[in-house]
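First the structure, in the form of structure tokens, and then the observations on it.
Nothing in this text is a laboratory measurement; each read-out follows from the coordinates by a stated rule. Because the structure is a prediction, the values reported are computed rather than measured. Neighbour counts run over all protein chains shown; Cβ positions are idealised from the backbone, glycine included.
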Amino acid sequence: MSQRQVLQVFEQYQRARSQFAQAVADLAARPQSIDTLRSAGVVCLLRPLLLDVVPSIRQTTALALGRLADYDVEMAEAIVKAGILPQLICSLPEENRYYKKAAAFVLRAVAKHSPLLAQAVVQCGALEMLVICLEDFDPGVKEGASWGLGYIARHNPELSQAVVDAGAVPLLVLCIQEPEIALKRIAASTLSDISKHSPELAQTVVDAGAIAHLAQMIPNPDAKLKVLSALSQIAKHSVDLAELVVEAEIFPVVLTCLKDSDEYVKKNGATLIREIAKHTPELSQIIVNSGGVAAVIDCIGSSRGTVRLPGIMTLGYVAAHSENLSMAVIVSKGIPPLCLCLVEEHEDHIKAAAAWALGQIGRHTTEHARHVAVANVLPTLLDIFVDPRSSEDLRTKTKKALKNILQKCTYLPALEPLLHEAPPSIMKHIIGQFSKVLPHDNKARRLFVTTGGLKKVQEIKAEPGSLLQEYINTINNCYPEEIVRYYSPGYSEILLERVENYQPVL
């Protein structure tokens, strides 16, 4: 046999290996093929090819494994059990950029499924290799490494801390300064995944100088979504971190995000403002001064569904801090869109948030409560509270909001309709307000009789000595005894009986 014939055998073997790896990679991209590949033992067949002498075969094999692992948790577990991960990364620094990208894809695809699988990726030494890839000259390799680190960090604080300890954060901050948009976006997303777990992890990101660079990226139409998320995850933990985000001069530029055509950008922009507003009156005042409340109100009015939620919460947080900030929400016409949310939205948690926000607006003074009452909010809240279809959380939030508003509301025209519909748990707060106002207002006392309010009060059955009974006694003491008796239940029958029994004087 000639040398050429011998070499031909090896060439055929190489072609067959290459064709097999490529065919599996193509099949792994089709979900309908996965079960067949699984039953054929594809993972064990691919494993030796990761050590192939031909670089292109190693790359294609890694791509195939990545697609398999990405499909479901069972395939990812099979790859881990087969001992492929150490094999995958053993020579990673010496490999070319194509293999590095494919290897990072495998690590990311395995890590995404669960903390247990992400821990398996960490234990095989992948973090050190991924961090080395962050320093690669090729943006695609850096991007793949950022993806992998993000999928590990997102699961829990321990895995996120492992990413930090591997030295990833300063390199990720460098990545968000690169010109490539895709790399900026993924690096920002990974910084967000690291920051979200604890103030300490967020502080690590801040200490690496991330905030200033993230803030500069807000106007970037391609990266703003991930940037807003990263800044939110930093700001949410503490007053100090929120102040650092604000000091990066994100206002008023962040408000433009609330008008973005992308609903996710709108939602993330509102979420960032919410995470700042919740901490202190001073931070909420900065939002008000920059026109943030008006912008959030417009965002709520122009959105539907969960996009509204962070904006609703923002108004509630701002209003909760002080009378002046609550009045700023009222003056900016924040009550009508919150009322619309109660009526238009179908999700109970959105309605609950709107009810909570209205309660925060109305709880400060009689003036605040009057503004809420005049908007006809109280009957809507009451209808939701008594609706058997409302969730327990929605009922709780609605009851609390009604209580907050009613305890300050002295605008009786808004309270009177509730007298005929409110259940006992709400009724005592309504009667309590009448007992405060009627002793000092002659006109209100007269109207209370003519509109049927006094009659309704006499029909209420209260426990002797209860707070509700005290309120009723206070109201009854505002009127002559014969008037109270006249409107008491059964008094008309007593009068008729007296008529029947009356003996006229002839």
TODO: Please report, in debye to the nearest 20, how large the charge dipole of the chain is about its Cα centre when each Lys and Arg carries +1 at its beta carbon and each Asp and Glu carries -1 there.
DONE: 620 debye
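Longest segment of the chain with no chymotrypsin sites (Phe, Trp or Tyr not before Pro) in a DSSP loop having at most 16 other Cβ atoms within 10 Å?
Numbers: sites that count: PHE137, TYR502.
The reported range is 138-501.
Which GluC sites (Glu not before Pro) in segment 142-223 sit in a loop by DSSP (not H, G, I, E or B) and have at most 15 other Cβ atoms within 10 Å of their own Cβ?
GLU180
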Open item on the list: Along the Cα→Cβ direction, 7 angstrom out, place labels at TYR486 and THR280. What is the inter-label distance in nm?
Closed with: 6.1 nm
Open item on the list: To test your reading of the geometry: what angle, between 0 and 90 degrees and rounded to tens, separates the Cα axis of helix 377-386 from the longest principal axis of the chain?
Closed with: 80 degrees
Task: segment 424-445-segment 76-100 distance, computed between alpha-carbon centres (Å) - done: 75 Å
Task: Selected from LEU92, ALA69, VAL24, residue furthest toward positive end of dipole (segment 18-113; charges at beta carbon) - done: LEU92
Task: Restricting segment 352-409 to trypsin sites (Lys or Arg not before Pro) in coil, as DSSP defines it, with at most 11 other Cβ within 10 Å - done: ARG389
Open item on the list: How tilted is helix 181-195 with respect to the longest principal axis of the chain? Cα atoms for both, answer in degrees (0 to 90, nearest 10).
Closed with: 60 degrees
Open item on the list: Compute the distance from the alpha-carbon center of segment 304-332 to that of segment 116-178, in whole Å.
Closed with: 38 Å
Task: Mean Cβ neighbour count within 10 Å, used as a protection proxy, ranking 242-250, 274-282 highest first - done: 274-282, 242-250
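Any idea what the dipole of segment 1-155 comes to, in debye rounded to 20, about its Cα centre with Lys/Arg Cβ at +1 and Asp/Glu Cβ at -1?
Numbers: 16 positive and 15 negative charges, 50 e Å.
It works out to roughly 240 debye.
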Task: Karplus-derived HN-Hα couplings along segment 168-176 (A = 6.51, B = -1.76, C = 1.60, θ = phi - 60°), whole Hz, x at Gly and Pro - done: 6, 4, x, 6, 5, 5, 5, 5, 6
- [ ] Quick one: grab the alpha carbon gyration tensor of segment 82-211, order the square roots of its eigenvalues as a ≥ b ≥ c, and give me rounded if a/c is under 1.5, else prolate or oblate depending on whether a/b is larger than b/c.
- [x] oblate
Open item on the list: If you take Cα Rg over 2.2 N^0.38 Å from the coordinates, which of [x] 1.95; [y] 1.44; [z] 1.14 do you get?
Closed with: [y]
Task: Mean Cα-pair separation over length for the chain, i.e. relative contact order, pairs under 8 Å, 6 or more apart, % - done: 6 percent
Open item on the list: Which residues does the label zone of GLN123 cover in segment 132-169, counting backbone N under 18 Å from a point 7 Å along Cα→Cβ?
Closed with: 152-153, 155-163
- [ ] Before rounding to the nearest 500, sum -39500 (n - 2.57) across all DSSP H runs of length at least 4 in the chain and divide by the residue total; then give [θ] at 222 nm in deg cm²/dmol.
- [x] -21500 deg cm²/dmol
TODO: Please determine, in degrees from 0 to 90 and to the nearest 10, the orientation of helix 348-362 with respect to the longest principal axis defined by the Cα atoms of the chain, where the helix direction is its Cα long axis.
DONE: 50 degrees
Task: For segment 127-233, size of Cβ-based charge dipole, Lys and Arg +1, Asp and Glu -1, in debye - done: 460 debye
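So how much slack lies between LEU51 and ARG4, counting 0.36 nm per residue of separation and subtracting their Cα-Cα distance, in nm?
Numbers: separation 47, 0.36 × 47 = 16.92 nm, distance 2.57 nm.
Length difference between fully extended and current span is 14.3 nm.
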